[in-house]
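The values are calculated or read from the model by the stated rules, or taken from the named source; none is laboratory data. This is a predicted model, so every value here is computed, not measured. Here the Cβ is made from the backbone with ideal geometry for all residues, glycine too, and neighbour counts use every protein chain on show.
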Amino acid sequence: MAKYLFTVQLTQQGAAGTMKEGGTGRREVVEKMAASLGATVEAFYYAFGENDVYIIVDAPDPEAVIAISLTVSASGAAAVTTTPLITADQMDAARDRTVDYRPPGA
């Protein structure tokens, strides 16, 4: 499974819902949603500043991640940015691949 970082900005509706249900209540909803797609929540943090929530999810496939992002965004309660997370081993494997490339003008 691959890991993804969800960066969440709550809308007024999302902030009001979090106030009503509490932080742990919303975390439980996210964990249940992830589990319904075969994914697990590895980390869930609230923050203040530009973003309100950071979530790391271990997902079985990109389609599960897309489904989560679309569903949450369509609710109007939050704006979601999704970032695939890359391990150090994956970075080494990418570094070791041969790429046929020529820079412009070279």
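Mind checking which pairs have a first residue in the stretch 85-106 that is on the phi < 0 side of the Ramachandran plot and a second that is of a type in the set (K, R) and surrounded by 10 or more Cβ atoms within 10 Å (Cβ to Cβ), Cβ under 9 Å, 6 or more apart or different chains?
Short answer, once both residue conditions are applied: L85/K3; I86/K3; T87/K3.
Among the residues of the stretch 29-64 satisfying the criterion of being surrounded by 13 or more Cβ atoms within 10 Å (Cβ to Cβ) and among the acidic types (D, E), which is nearest to G17 (Cα to Cα)?
D52
If I ask for residues that are among the hydrophobic types (A, V, I, L, M, F, W, C), in contact (Cβ under 8 Å) with a residue 60 or more places away in the chain and closer than 14 Å to Q13 by Cβ, which ones from the stretch 61-79 would you list?
Of everything in the stretch 61-79, those that are among the hydrophobic types (A, V, I, L, M, F, W, C), in contact (Cβ under 8 Å) with a residue 60 or more places away in the chain and closer than 14 Å to Q13 by Cβ turn out to be V72, A77, A78, A79.
Looking at the stretch 68-90, which of its residues are part of a helix (DSSP H, G or I), within 15 Å of M1 (Cβ to Cβ) and under 11 Å from the mean Cα position of the chain (by Cα)?
I68, the sole residue that qualifies.
Quick one: is T24 surrounded by fewer than 12 Cβ atoms within 10 Å (Cβ to Cβ), at negative phi, in a helix (DSSP H, G or I) and among the hydroxyl-bearing types (S, T, Y)? First the steps, then the outcome.
Working: surrounded by fewer than 12 Cβ atoms within 10 Å (Cβ to Cβ): yes; at negative phi: yes; in a helix (DSSP H, G or I): yes; among the hydroxyl-bearing types (S, T, Y): yes.
Yes.
Given the criterion at pLDDT below 95 and either out of contact with any Lys or Arg (no Cβ under 9 Å at 6 or more places or on another chain) or hydrophobic (A, V, I, L, M, F, W, C) (or both), identify the matching residue among M33, M1.
Sole residue among the options that is at pLDDT below 95 and either out of contact with any Lys or Arg (no Cβ under 9 Å at 6 or more places or on another chain) or hydrophobic (A, V, I, L, M, F, W, C) (or both): M1.
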